Structures are given as C-alpha cells and as structure tokens.
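The values are calculated or read from the model by the stated rules, or taken from the named source; none is laboratory data. Values in this document were obtained by computation on a predicted structure and should not be read as measured data. With ideal geometry, Cβ positions are generated from the backbone for all residues, glycine too; neighbour counts draw on all protein chains shown. We work out accessible area using only protein heavy atoms, side chains counted, and drop any ligands, DNA or RNA first. Shrake-Rupley method; radii C 1.70, N 1.55, O 1.52, S 1.80 Å.
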Amino acid sequence: MPKPLALHPDRLLPADPSVRTIARRLLAEVDGVPILSPHGHVDPSLLVDDERFPDPATLLITPDHYVTRLLHANGVPLPRLGLTATDGSMPTSSPREVWRSLCAHWRAFRGTPSRYWLEYELAELFGVALQPSAGTADEIYDHVSDRLAAAEYRPRALFKRFGIELLATTDDPCSPLAEHRRLAEDETFTGTVIPTFRPDVYLDPQGSQWRAHLRRLAATTDCDTENYAGFLAALRARREAFRARGATSTDHSPPDAGCEPLDDSTAARIHRAAVGGTATTAEACAYRRHMLFQMAAMSAEDGLVMQLHPGVYRSHHEPTARLFGPDTGHDIPVTVEFVRALRPILDRFGTHPGFRMVLFTLDESTFSRELAPLAGFYPAVYLGAPWWFLDTPAAISRFRYAVTDTVGFYRTAGFVDDTRAFCSIPARHDMSRRADASFLAELVASHRLTEDEAAATLRDLVSEIPRTAFRLPKPAGR
Amino acid sequence: MPKPLALHPDRLLPADPSVRTIARRLLAEVDGVPILSPHGHVDPSLLVDDERFPDPATLLITPDHYVTRLLHANGVPLPRLGLTATDGSMPTSSPREVWRSLCAHWRAFRGTPSRYWLEYELAELFGVALQPSAGTADEIYDHVSDRLAAAEYRPRALFKRFGIELLATTDDPCSPLAEHRRLAEDETFTGTVIPTFRPDVYLDPQGSQWRAHLRRLAATTDCDTENYAGFLAALRARREAFRARGATSTDHSPPDAGCEPLDDSTAARIHRAAVGGTATTAEACAYRRHMLFQMAAMSAEDGLVMQLHPGVYRSHHEPTARLFGPDTGHDIPVTVEFVRALRPILDRFGTHPGFRMVLFTLDESTFSRELAPLAGFYPAVYLGAPWWFLDTPAAISRFRYAVTDTVGFYRTAGFVDDTRAFCSIPARHDMSRRADASFLAELVASHRLTEDEAAATLRDLVSEIPRTAFRLPKPAGR
Amino acid sequence: MPKPLALHPDRLLPADPSVRTIARRLLAEVDGVPILSPHGHVDPSLLVDDERFPDPATLLITPDHYVTRLLHANGVPLPRLGLTATDGSMPTSSPREVWRSLCAHWRAFRGTPSRYWLEYELAELFGVALQPSAGTADEIYDHVSDRLAAAEYRPRALFKRFGIELLATTDDPCSPLAEHRRLAEDETFTGTVIPTFRPDVYLDPQGSQWRAHLRRLAATTDCDTENYAGFLAALRARREAFRARGATSTDHSPPDAGCEPLDDSTAARIHRAAVGGTATTAEACAYRRHMLFQMAAMSAEDGLVMQLHPGVYRSHHEPTARLFGPDTGHDIPVTVEFVRALRPILDRFGTHPGFRMVLFTLDESTFSRELAPLAGFYPAVYLGAPWWFLDTPAAISRFRYAVTDTVGFYRTAGFVDDTRAFCSIPARHDMSRRADASFLAELVASHRLTEDEAAATLRDLVSEIPRTAFRLPKPAGR
C-alpha cells in the first residue's frame, strides 16, 4: 500500500516543545523573505529561453550529482541514471526508467538532505501526495510530467514563485555573458541574475587544457596572454567585464590554500616556461599560488569579493571521469590548512577596506581551529556557509556551534545553495532557515539571547548578512 | 551504605519524553533479534572446550584492555590487575585483589562505556544488585563466583543465552582452524563461528618477526615463501582454507592506508631483499603498501570482504610493551588520510562487483570529510561502525550525524563489537541498538522519517545491513 | 527603547524541563564553593597595590583580546579600542569613546561567550540593568564608573567577593616574585596567589630576544648561561625559587609538541652555536625540543606540574604585531600532533610518580583521537580544559562528550580561566560549572549515572580534581 507524502510544518525544528515553539515563531519572521542566492551553478540560459523542463528525471535526477552519486554507490550504474558514456559503450536509460531507479532505491536516501529536498520539491512544488517507491514510480512520474507541461512550471514562473530576489551564476571568464545581458535588458524579467568570475582553469598551468584556455582568453580580450603582463591585463579586462554585468564576486577552488607571491620576473619566467610546456611541477604549483595572490590583489582594487573553497580531490575515480566527464559524484574532500597558507594574502590585504574574502571548507576540523579565529580578527574575512557535503541540518548545526563562540553571526556570510538543481533552491533555503531558527531557538531557550535579538539575527542571516559579505546590490538597486 | 544497582529500561534513550517514547517503540522492534558479530576477538577454543570461567577478575578485568588501561591511568600498576610481567619482576595480584582494585576505583569509570558494559554484565547477566565499591567488592566477587560455577554460565550456554547467531573470530593465516572445524562438526553446538583472515604480520617486512612468520607460512602451505610468487601462492592457499571454513572477510590494520602497487619485478626484488634482511625502510614500506593492493586484488577474486582500519600507533609505551606484551592499553590513534592513499585500490576495484571493503577509523575528522564521500560514490565501500575508543553512545551519535547526510544508512556496515571480553557482547550490541534507536527517533521527531521507515531501518541495521556488508550467510544457510 | 538586562537563573542549562531540573539541583551543590584558578594571567601587582580601576573601558575592553579582536573584525580599528600604536601614528580613543564602540557593536557578540561574561559582569557585579547599545552606552559607562569609585570595587574586595581561594599567575622565570612575596606576607590578604614558571622565551633560540633573555637569566642567577650546563643550573635555580614562592606548575606553549632529547654534547654544542648566533634553523628547532624534554626531566625531579599547550601561530598579522605588539588578537591555532611527538617524554616519565603533565589543545580533533587515549593510559597525563577559543558552553560540551567515553572525569584537570580580565573570573567559572552540570544532568537523565554520583562528580570537578592535577595546596595548608 502506498504511503502518503506530506511536509510537516515543524520539520527539522527541535523536539523539545518549548524550544520548538520559539523556533516556529522565529521562522515566521522570515516567511516569504526573498531568497538571495549569491553562489550557485544554475545555467542562465534556462531563464533566457524559459522553455519547459523536458521530464521529471532530466529535471530532478540526471544533473544532480548528490542524487546520482548515492544511487551509484547503491549499485545503479550511471547510464541507468541518464548519464551518457562518451564512448557510447553503454545504452542510456529512458527518463522513465531513470525515475524508476530513484523510486526503487528510495530507502537509500533515508536521513539524507537529498531526500529532504526531493520531498520538498515533490510535495510543495508538484503537489505529489505519495512517497516514492517501486510501486508508485510511474504514477508520480506521470503526475510530475503533467505539471511540467503547464506554463506555471516554466523556469521564469518558478523563479518568481520561489521568491528569488538575486541569483548568482558561476561563469567562465571568457563567457560573453550574453544571457546575463539579455536578462538584464528584458523588462518582463524582474529578477536579478549576476555572473561570478571563476578563473580556476586559467590559473593552474598543470591543468591539461591550460594553454588552450589562454588562447581563448587572448581571443576574447585581444591581449597577448602568452606574455605574463598580457595575461594579467586580460584577467583584469574580464573582471571588469563581469563587474559591468553585475558580478560582485569571484570564485576559487584550488587544491590548497597556498598563495605565496613570486616576484614579477620569476612569475613572468614561469609563465613563459609554462606556455612553452617546460615548467616543472614545482614551478607550476608556485605559479598557481602566486596567481591566487594576484587575484586577491585585483579584488582589493576592484572590490570583487573573493570566494575561496580549497581542498577537494577532483574526479577521484579515473575510469568514471574518462567515461562520463567531471562533476559526476567522485570529487572527494581532503584536509586543508588555512593559517599558514593564507598568510601572504591576509598580511597584505586582511585589513584592506577594498578586500573581502569568503572562506568555505569541507574540512570541518578547521571551523573552530582555523576559520573562526581568522574571521574573528580580520575585517576582510567572512565565514562561508557549510556547503556541498555539509549543506545539511546536522552540519549547519555543527557549524553554528563551532564558530558562533568565536565570531558570533555577523562574520558569517549567510547561506549559499551552490546548486545545479534549479528546483532545489527553495528547498535548500527552507532547510537553512529552519536550521538557523533551531540554533537560535536553543540560544533563546538557554537564556543567551532574547527572542527579539534572535528574530533580528535570523532576519539578518537571510538578508543583510549575505548582502554585506557578497556586496550584493540593495533590493531597490536593480 | 551500599547503593543499589539496576538497569533502567530507558537507559541511553533521549531525554525528551516524546522522542523517548518513539525510541522505546523502535527498540522493541529489535528486541530478541539475534546478534550478528562479524568482527571480534573471542578465542574459539572457549566454545570448543566449554569450560567454566575461573573467576570474576579473569573473566571481566584482566583480559579487557579497556578496563585495565583506565585503572592503570588512575594509578593501579598492571600486575595488580592480573597482568604478569615477562621478567617476573613484579608479583601478580590474586583475582580477588584484582577485583577489589576495580571496585575501589569504580568512580574512575563514571560516564564511560566500560562502566555501561560492566553494569549490564553484573546486573543483567549475574544478577548483582549492588553498585561496586570498596565496601561491596567481596560480596560481589563471591556472588559472581557462585554463578560462574553453575552450568548455565559456561560459554556455550551463554552463547545461546546471548542470542548470538554468528560470531566471527580473528585468526592468524597459519591457524589450522581446528576449533572452527570442531564447532562446525559438533551437532550439539548450533551457533555459527567463522574465522577472519588477519595477515598484517606477514605483509610488513619491518615487523621484527616477519621472516619467522614467512617460515611458518611456508611450513603450513608447502610454498616457497622466500620467493615472491611462492609467497603470493601461500597467501592465496590460506585464504582459500579460511573460505572453506566459512570466513567471509579479511582484516587489516596497517599504520597508514597506502596501497600503491609495485610492478611484479620490483615487488619480487624487494621481497628477496627483505628475506635477506637488506631491504631499506623505504622499500619495506613500499612493499607493505603493495601487498595491501594485492590483498584487494585477491578479495576481488575470491570475494572475501576487506576490512581496513589503519592509523594506530601500537605499543606507545615501550617499557610496558617490553614487560607485559602487546595489547596492554597503549595503542594510540593517529591521523589517517584515506582519499589519496586509497586511490590505487578504488580506481581499480571500487566498482568491481567481486570487491567489497569496510573502512574503519579512529580519526573522527575523516567521517564527514573523507569516508562518507567515498562510501557515497563507490559501490565497493562500506562505512565501518565507530569502534574501539569510539564504540560509545556519544561517538555512535556523532558518527550517524556526520555520515548519514552523505550516505544514509545503507552504505554503513552495522555494528561490530570487536571484543575480547565474551560477556560484553550482548552489552555492546544492546548499547548500539539503543544509540541507533535514539538517532532514528530524532529523525522521526523532526519529521525527516516516518516511524515505519525508522523501524524498518533499525531492523535492517541489526540484520540485513551487516549481512550484506560482510557477506554473511543467510540464517538458514548454516 | 532600551532593553532590560538580567541574568536568568537557568541560563546555559538544558532546555528539556526534566533535565534542567536535575542540572539545577547539581548546580546548587557547588553554589559558593571557592574558586580555584590554577592557570591565568592576572597581574599580581593588581592585588598588591589594590588601587581602584580607572574606568569601565580600561577594565573590561582594552586588555581583553577576546573583546577587541571581534570588534576589530567588525571594523573597529584597534586605537579606537584603547590600544596605542607604538609609532604614535594613530590617536588612541578616550575610554568613553572605547566604551561607545563596544556598545554600538553589541550585536556582534550575540551567541559568544564574551557576551556571556560581559553580561555577567555588568549585571551581577555592577548592577547594570540595561542592555548595551548605542543609546545606553553613556548611561552604563557612568553607572559602572560610579561603582568603580567605591571601596568595594577595589581588587582585593572583588577577590574576596568572587570567592577565589587560589589564583595562579603566569610569570617570567627571572621575575623576583616580589608581589607574590608581599601578598604572602600581608596578613590582611587572606587569598593564595602563586606564580607559574613560564620559560618559553628562554627555550627557543629562534626567538628574537633569546640572547637578551639569557643575559637577564645570568644576571638573576649568577650562572653562566652562555654555557649549557650553566643554563640548566640557572633554570633549576629559578624553578626552585618559584617553588619556594608556592608555584606548583610550569607552563609551555611551543609551536609543536616535539620533545626529542639530544645527547649532552650535542645540546652543549648547539647551545654554544646559538649563543654565537651560528645555529641553523634545524639546530635551533632540535634544541627547543630537547629543552622541552629537559623541562619534563626537571618536573619529574622537583614535582612542578608541566602544562603544555602547543600549536598556536603567534602574531599572524605582522603589521598589527609591529604597531601594537603581541597578544593583540591574531594568534591563530594550527593542527597539533601529540602521539608521536610526545613519545620521548611519555616513554621516560609517563609512569614516573614525580611527573605530572596537563595537556591543552585548540585542535579539537585531537580530543578523542589522541589526548583521551593518552590520558586513559599514562598516570602522568591529565587532560586540560578546553580553553581560549574553546572556553565556551558548546566547546565544553563537545570536550566532555569526546573524552569522557575514554577517560571519565578523573583524568581531566578541571577548569582554567586563563584570563587577563580579572572581573571575568567568576563569570567564567560560573559558565564552566553550568556546562558541567548540564553534561552530568544528561548522563543522569539517560540513566548512566545516579544523581548522587553526578553531584559528587561536579563537586570533585571544582575542587579535588584541579587540586590533584595541579598539585594545589589543601585549603587549610596556606
């Protein structure tokens, strides 16, 4: 017999009745407050084209590596989740079959945030009233397919329904940002969609396509990127182009947080060697770190907030990467060291009024040991939200308990959904607000904050705090 | 005045009345469900011989390094706990005196799982109704001694009373497994006792007895273990012998998780050098890591599940090791790195249907950072339970909160008691079930799972999940 | 409209009503029990001179780097917090202006222990009934100023009011300890104030002033400190002088926990080289570690308890250090390794009856992985309280949950306030007692301890346990 699906109004709130009551009141304070999404991976052409989503699996499963990775771990090969092997060696399942795989393995998601998001999307967004299972798969698939055919399920309608005030995308420095321009110029679209400058592949000579990227950058900017000075000029030009299209931040995910600068002549020499394919591994690494410092220096000049989230081993399973490409569920976090590594940037720009840096990590041991102490001294440093593997009720709670002692709330940066899954945006912000309301309610219940203060803090966490940390435009400023 | 000792039916359950009620109902679902113990250190001859236990101290204190270590830290020298110095330099106390030492230091165990286990054993198993103290030591000693004299306190009777369905022991690869054979052939013994292949000392040329172990292996298998190919053949032969006696897994505790394979000729060369005593430290280390890869390769062939728990500094206090031998309470955990270290095995066998690996750690910082992300992608990887220092209500809770977000429940491996203390088996499984019921009850109370789902999950955690992860035989399959 | 300020009697206690009731009863057990403060940074001349405190800002803000660092992070330059730039480049604000800065940024402290301490001090000590804010700043400043003028707010009166039985200061080995002598000889002062031997700057040849410190040491002791043997003799002499003035411990904060001893001739050779300015970095580092071992050896002889808290990157922001000196809020914790590093000391002195060591850390990942296992075996090792960044309700809870499983309560060392802010002493001990009462109440509520045992444990945590760990004199022993 199929089980009903329904969202409980008190979901994720603390169990104790008196604390829950406080959390519920706090949550009401941010009910309907618009979503600021300063860091994510939604494709802006989605909103430009505004075409209807093809089917439930293509919308909710195939592009979401949170979902596909756990199904893969539970024995479902990636082609049965809609991924296409580049060598055509394995047939890709139909969307309906993909959907059935998810429903048949529904128990694998018990206790995970992916389940929380999917339930939210199914129940709240699509009005599904049944829990997924092998027996209900087709009925739910048909139900959601029907809805997707309706006009109110097109991307722009959903953008409005979700209450998104601002959405930042993540973009290649060579992107012409045509979609951002079209959205800004389109008077029928009232949201704000801004790009984010993500230069990783240009800054690391060890990347296999580095020289090709430099050539693209040269073509885009008319700068001689084979020359170090020309390369810097090209990056500056693209930063400026991003700023002109509303960008307020850059995004960096190097393997480590090193940023020791080189002197100009050494940098120029290694740049030449790397272009010529003769740079050693050590030189390429030193150059990558040097370029992170350069990015900080440019941020101090142009005011783009620097987002940094180092320490991920990308594409851990080489056979999968070869067949299905990057971002297929096997990027694995590693330990990160921030204190010694970031000294060059912080020594030079840590108190610079133009410089602002948001530090993210997947290494929770750094929350209380390194990140909070840094953000508790340097005016330039903000603590990024727990994200990716840590974007969960339990991890958000651990984050708040670990860092609030040292930095309070106003040195944190607010929630980032970091998602490719457009429909999960409201689910994730809902989760974050519930988690923060729960934490604040605990502080009220233990008489550490008044309820007034807690309410003000929660309001700030969803609006003023991300606005400040990411230098987002004022609501009226569009 | 002596204090009463009694086990509260709600022990370890959450304090909130509504959550506790849910936890209590969940717990009832696994009441009486047989114990699967896929990883432990009980001596199988205990069950073959079925002799009565000599006295309370020899049963509950002397062999339990959890108990002796904390008493030692609190100032009780090891001979006063029944340990014998190899040089005869210190007289060993009588069992009654050993028992008195425990009781006199009872407060040292407040809040520890050792106390939880001992209380369970005293109250539940032996019917002791008084808290241990200097004043009650003799009375309890006499009471337990009386019980031990009765037939129903012999090992086989207890095995049955504990409801153990399957018990895995840990065995030297050269063991003839005679006890396992005798138990299997004994129709009056209805439990299942299987061996586990633990080859550590054969794989590390840096071990002081490595060459002696190789000679024993040669004698056992008729293979020329001084020759690399012969050595591999010998290991394969013993794995096969273990499988024939019901083994489903191997067990590995190297100093680190490295497993970079060497090419055959290099491996053969280092093997020869090590046999000749001329291998360098670096070569011996490379060879050890190579052999871990070989064990994975053999597991992919023969299907023995590979248990891996690296990162323990063994016998930290050399004077104690010299006098009292290994496993005397000063093996201390160190940091472990899994992501880079395990790449060779996972790249090659991470999606291999024959390969299965259970990863354990004492470095909790790896739970959310490394282990859950690995088990959340690779079908071959299961997350081992928090064990040893982490085999506690609080650590189990931290484990569940840290990993469930990323892997749910079905990539974890179920509880392992890992004990040498036979009578603590039911106490430990009782604790584990209560801890998991508490965690699940929290999920129900915060409306993340229905109570039906939580109940099904708890049932799976004690049966299907360890059966799958460790490839244990079906209940009827004996 | 200004908000009222009042301390709730149940602050910091668990929210669940039944657990809170238990915690409240436990707390009552230590109501009025005198404060033992075995580790801190109060200047003893404060109590010798007994002069009134100049103003609220100089008392509560400027010297408290917990407070100034977070205000600095929130954009307030240090001179506006009363700190004076050594080059006179920035005017220092008046105390009233400093006070206004704190009040205007009051929300920055929401959820932090600094706020908890400040609220306690304002409400409990000074009878302030308004929450700080831009609007109430002057009124509160005037109110506190008035109180500070009264005799009962002088240091000695407060010392008595706070119920401090014993206060340990932290002192330079060359200090003549004149203040300690005067306090001991002053019959009108009934407290106990003892020095602590803190030799860091003498033990590290890499310190910029090392040779100057050696010269001061020579002048103080009449030993030839340019000679290794003379240097050791000088240190022994000063330790003896400290012991004669009541010292019971030494305090060490090296960059890492290394303590590998050198042979005497190597140590003598490096000492000479360092005095001559020709020691290499590696030699200086080896010498520093060797000297930590020597300190342990002297502790085993003279019985001074060795406090060790390695792993802090000092003065991270060089421009701030240059202008405002050390201890200005940018000492940042780094990872620490204890297991391998401490082997030399523990192998030699870990079971030595004369030796006692209290291990502190800011790297929480070591609590369950390294520190508890070490303290759970070695009789010489005690676990220091979570301190500095971890001296908070949440971190104390994490500490107890992480270590109690392995070591119970009686291998921990009790609370240390480690403060320069005299008036925060009772606030901090109040917080610690509430946190421990809460933890113990949870154990009682989950039926792991009886309430009697929990009460006895809490009493021991504030008296017997620190007295034992730090070898403090008996109350009557003064």
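Tabulated results
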| quantity | calculated |
| --- | --- |
| Sole exception among (1) open to solvent by less than 40 Å² (accessible area, probe 1.4 Å); (2) at pLDDT 95 or above for A:Gly207, by number | (2) |
| Qualifying residue in the range C:456-463 (condition: surrounded by fewer than 24 Cβ atoms within 10 Å (Cβ to Cβ), within 30 Å of C:Ile332 (Cβ to Cβ), away from chain B (no Cβ under 14 Å) and out of contact with any helix residue (DSSP H, G or I) (no Cβ under 8 Å at 6 or more places or on another chain)) | no |
| Pair list, Cβ under 6 Å, 6 or more apart: the range B:323-340 residue over 15 Å from B:Thr62 (Cβ atoms), other residue open to solvent by 10 Å² or more (accessible area, probe 1.4 Å) and among the charged types (D, E, K, R) | B:Asp331/B:Arg314 |
| Within the range C:350-378, tally of residues that are more than 13 Å from chain B (Cβ to nearest Cβ) and open to solvent by 10 Å² or more (accessible area, probe 1.4 Å) | 1 |
| Hits in the range A:374-398 (condition: assigned to a helix (DSSP H, G or I) and over 30 Å from A:Arg69 (Cα atoms)) | A:Leu374, A:Ala375 |
| Residue in the range C:304-313 that is nearest to A:His352 (Cα to Cα), counting only those that are within 11 Å of chain A (Cβ to nearest Cβ) and either out of contact with any Leu (no Cβ under 9 Å at 6 or more places or on another chain) or not in a loop (DSSP other than H, G, I, E, B) (or both) | C:Tyr313 |
| Among residues of the range A:126-157, those that are in contact with a helix residue (DSSP H, G or I) (Cβ under 8 Å, 6 or more places away or on another chain) and part of a helix (DSSP H, G or I), counted | 14 |
| Test: residue in the range B:327-335 that is charged (D, E, K, R) and either farther than 30 Å from C:Arg398 by Cα or assigned to a helix (DSSP H, G or I) (or both) | no |
| Scope the range A:35-73; condition aliphatic (A, V, I, L, M), outside any helix (DSSP H, G or I) and in contact with a Ser or Thr (Cβ under 8 Å, 6 or more places away or on another chain); matching residues | A:Leu36, A:Val42, A:Ile61 |
| Residue list for the range C:104-119, filter: crowded, with 20+ Cβ neighbours inside 10 Å and not in a loop (DSSP other than H, G, I, E, B) | C:Ala108, C:Phe109, C:Pro113, C:Ser114, C:Arg115, C:Tyr116, C:Trp117, C:Leu118, C:Glu119 |
| Residue match in the range C:243-265 (condition: small (Gly, Ala, Ser), assigned to a helix (DSSP H, G or I), crowded, with 17+ Cβ neighbours inside 10 Å and at pLDDT 95 or above) | no |
| Search result, residues across the range C:189-209 that are in contact with a helix residue (DSSP H, G or I) (Cβ under 7 Å, 6 or more places away or on another chain) and part of a helix (DSSP H, G or I) | C:Val201, C:Tyr202, C:Leu203 |
| Close pairs from the range C:100-119: first at the interface with chain A (Cβ under 9 Å from one of its Cβ atoms), partner of a type in the set (D, E, K, R), Cβ under 7 Å, at least 6 apart | C:Phe109/C:Arg115; C:Arg110/A:Glu453; C:Gly111/A:Arg448; C:Thr112/A:Asp405; C:Pro113/A:Asp405; C:Pro113/C:Asp391; C:Tyr116/A:Arg448 |
| Among residues of the range B:129-146, those that are among the hydrophobic types (A, V, I, L, M, F, W, C), open to solvent by 10 Å² or more (accessible area, probe 1.4 Å) and out of contact with any Lys or Arg (no Cβ under 8 Å at 6 or more places or on another chain), counted | 1 |
| Where a residue in the range C:301-315 is open to solvent by 20 Å² or more (accessible area, probe 1.4 Å) and its partner, wherever it lies, is at pLDDT 95 or above and assigned to a strand (DSSP E or B), with Cβ under 9 Å and at least six apart | C:Tyr313/C:Ile332; C:Tyr313/C:Pro333; C:Arg314/C:Ile332 |
| The lone exception for C:Val381 - which of (1) crowded, with 24+ Cβ neighbours inside 10 Å; (2) more than 20 Å from the chain's Cα centre (by Cα); (3) at the interface with chain B (Cβ under 9 Å from one of its Cβ atoms) it fails | (2) |
| Subset of the range B:330-349 (residues that are open to solvent by 20 Å² or more (accessible area, probe 1.4 Å) and either within 14 Å of chain C (Cβ to nearest Cβ) or within 18 Å of C:Leu371 (Cβ to Cβ) (or both)) | B:Thr335, B:Glu337 |
| Filter pass, B:Asp327 being farther than 26 Å from C:Glu364 by Cα, within 7 Å of another protein chain (Cβ to nearest Cβ), of a type in the set (D, E, K, R) and open to solvent by 10 Å² or more (accessible area, probe 1.4 Å) | no |
| The lone exception for A:Ile270 - which of (1) touching a residue at least 12 places away in the same chain (Cβ under 8 Å); (2) over 26 Å from the mean Cα position of the chain (by Cα); (3) surrounded by fewer than 19 Cβ atoms within 10 Å (Cβ to Cβ) it fails | (3) |
| Test: residue in the range A:172-188 that is modelled with pLDDT of 95 or more, more than 24 Å from A:Pro38 (Cβ to Cβ) and in contact with a helix residue (DSSP H, G or I) (Cβ under 7 Å, 6 or more places away or on another chain) | no |
| Meets criteria (open to solvent by 30 Å² or more (accessible area, probe 1.4 Å), within 26 Å of C:Ala300 (Cβ to Cβ) and not in a loop (DSSP other than H, G, I, E, B)) for C:Ala219 | no |
| Number of the exception - C:Thr86 against (1) open to solvent by 20 Å² or more (accessible area, probe 1.4 Å); (2) in a helix (DSSP H, G or I) | (2) |
| Complete set of residues in the range B:402-423 that are open to solvent by less than 10 Å² (accessible area, probe 1.4 Å) and under 17 Å from B:Glu364 (Cβ atoms) | B:Val403, B:Thr404, B:Val407, B:Thr412, B:Ala413, B:Val416 |
| All positions within the range A:295-309 that are aliphatic (A, V, I, L, M) and closer than 18 Å to A:Arg245 by Cα | A:Met298, A:Leu304, A:Val305, A:Met306 |
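Residue by residue, here is whether (1) in a helix (DSSP H, G or I); (2) more than 14 Å from chain C (Cβ to nearest Cβ) holds:
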| residue | (1), (2) |
| --- | --- |
| A:Thr404 | yes, no |
| A:Gly414 | no, yes |
| A:Asp430 | yes, yes |
| A:Ala441 | yes, no |
| A:His447 | no, no |
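Yes or no, residue by residue, for (1) open to solvent by 10 Å² or more (accessible area, probe 1.4 Å); (2) free of Cβ contacts under 8 Å to residues at least 40 places away in the same chain; (3) under 30 Å from A:Ser18 (Cα atoms):
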| residue | (1), (2), (3) |
| --- | --- |
| B:Arg20 | yes, no, yes |
| B:Leu27 | yes, no, yes |
| B:Val30 | no, no, no |
| B:Ser45 | yes, no, no |
| B:Asp50 | yes, no, no |
| B:Phe53 | yes, no, no |
| B:Thr68 | no, no, no |
